[in-house]
Amino acid sequence: MEQAFVNWLRQQTRTHPQLRLGLGDDAALLAVTPGRELVVTSDLLTDEVDFVLEKVAPQRVGRKALAVNLSDLAAMAAEPLAAIVSVALPESRAERLAHGIYEGIFDLADEFQIPVAGGDTNTWPGKLVISVTALGQTTRKGSLRRSGARPGDLVLATGQFGGSILGHHFDFTPRVHEALLLHRQYDLHAGIDVSDGLSLDLSRLAHESGCGAALQLDEIPVSDAARQLASADTSATAIDRALGDGEDFELLLAVPPDSAEQILRDQPLDVPICCIGQFVQQHGLWTIEPDGTHRPLAVQGWLH
Ligand SMILES: [Mg+2]
């Protein structure tokens, strides 16, 4: 890209204690707290797959590209340190697009007080592609993984589910602060963020933990957007949308009953957190029927 753009990028760079050396050298230098683990996650977003550039401001695309990565750091209960951003821009409108995309990224990066520590910006004859890598570090309590759920743990969920296509998939807040607070103050066994659908991501967590999960369907918080979509298009009910739409970017947590009761009583987050089911011995996904029996639940979601 042109020098003017590089200069503009460097002007956007704020000072951050964890960034020892940023744009301008061959690589960035980051300070990591001794004894902690580095947490690394990366996502690739492509025009007409993850967004439709003709229908959305580039600022929102840039914001989303960073936000999905911060959501993965949240799922590991990691403190964000920095982001690396690489963009392949369509030649025809590269300059204008680049500014918009980076504005969206910088807004969210500022909100979470992390630097964009490096990356690359190129033009090419194809469609817009953005790759963001987020770096974080574990806290003193270590990481939160998918593999720690045990039968008897409760399934806790933040926020609401379904209908994200109406706007939430761009404008969601990654649950970084929520995950860090819960991990610090309570006993959590496992966690995942919902990117591909509540039922699919819950089944992934259960699978990694070597157990199953049973859902109390009437306890699942269904978003207004899911209800709105269900009334316009009757091919999927609101609860189906909550179970399968994806890109909710809420947290699903496996929490031992004592700790879960405390969380539900305290409601320590700015967003509601509720119990939607329980992990069970028998593998697979189940519903909890009114008489307490379990029925198989088909996994719905977005498979890449
Ligand atoms: Mg994830």
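Bear in mind that the values in this text are calculations on the coordinates, not laboratory data. Fair warning: this is a prediction, and the values are worked out from it, not measured in the lab. All Cβ positions, even for glycine, are placed from backbone atoms using ideal geometry, and neighbour counts span all protein chains on display.
Round to the nearest 10 and give me the degree value, 0 to 90, for the angle of helix 3-12's Cα axis relative to the longest principal axis of the chain. Computed tilt is about 50 degrees.
Please determine, in degrees from 0 to 90 and to the nearest 10, the orientation of helix 198-209 with respect to the longest principal axis defined by the Cα atoms of the chain, where the helix direction is its Cα long axis. Taking the Cα atoms of the chain, the angle to 198-209 is about 80 degrees.
Based on Cα contacts under 8 Å between residues 6+ apart, the chain shows a relative contact order of 21 percent. Can you compute the helix-only [θ] at 222 nm over the chain? Use -39500 (n - 2.57) per DSSP H run of at least 4 residues, normalise by all residues, nearest 500 deg cm²/dmol. The per-residue figure over the chain is -9500 deg cm²/dmol. Using a ≥ b ≥ c from the Cα gyration tensor of the stretch 163-304 (square roots of the eigenvalues), is it rounded, prolate or oblate, where a/c under 1.5 gives rounded and otherwise the larger of a/b and b/c decides, a/b for prolate? Because a/c hits 1.5 or more and a/b fails to exceed b/c, the stretch 163-304 counts as oblate. Amide H to amide H, with H built 1.01 Å from N, Phe161 comes under 5 Å of Val222, Ser223, counting only residues 5 or more places away or on other chains. How far, in degrees from 0 to 90, does helix 176-185 lean away from the longest principal axis of the Cα atoms of the chain, to the nearest 10? Tilt relative to the chain: about 50 degrees. Taking amide H positions as modeled 1.01 Å from N, with prolines and chain starts lacking one, the residues under 5 Å from Ala82 and 5 or more places away or on another chain are Leu135.
Taking springs between alpha-carbon atoms closer than 10 angstrom, which of Asp25, Asp171, Asp72 fluctuates most in the Gaussian network model of the chain? Answer for the Gaussian network model of the chain: Asp25. Taking a ≥ b ≥ c as the square roots of the Cα gyration tensor eigenvalues, with a/c under 1.5 meaning rounded and otherwise prolate when a/b beats b/c, else oblate, which class fits the stretch 244-304? Oblate. Relative protection proxy for 4-12, 289-297, from highest mean packing down: 4-12, 289-297 (other beta-carbon atoms within 10 angstrom). Within the stretch 45-135, DSSP assigns beta bridges of which about 50% are antiparallel (rounded to the nearest 5). Computed about its Cα centre, the charge dipole of the chain is approximately 580 debye, with only Lys, Arg, Asp and Glu carrying charge at their Cβ.
Using a Gaussian network model of the chain in which every pair of alpha carbons under 10 angstrom is joined by a spring, one finds that among Arg150, Arg204, Arg93 the greatest mean-square fluctuation is at Arg93. The charge dipole of the stretch 191-304, taken about its Cα centre with unit charges on the Cβ of Lys, Arg, Asp and Glu (plus for the first two, minus for the last two), comes to roughly 280 debye.
Between Ala298 and Gln11, the simple label model (points 7 Å from Cα in the Cβ direction) yields a spacing of 5.5 nm. If you run the Gaussian network model on the chain, springs between alpha carbon atoms under 10 Å, then out of Val49, Val61, Val194 the most flexible one is Val49. Put a plus charge on the Cβ of each Lys and Arg, a minus charge on the Cβ of each Asp and Glu, and nothing anywhere else: the dipole of the stretch 33-107 about its Cα centre is then about 160 debye.
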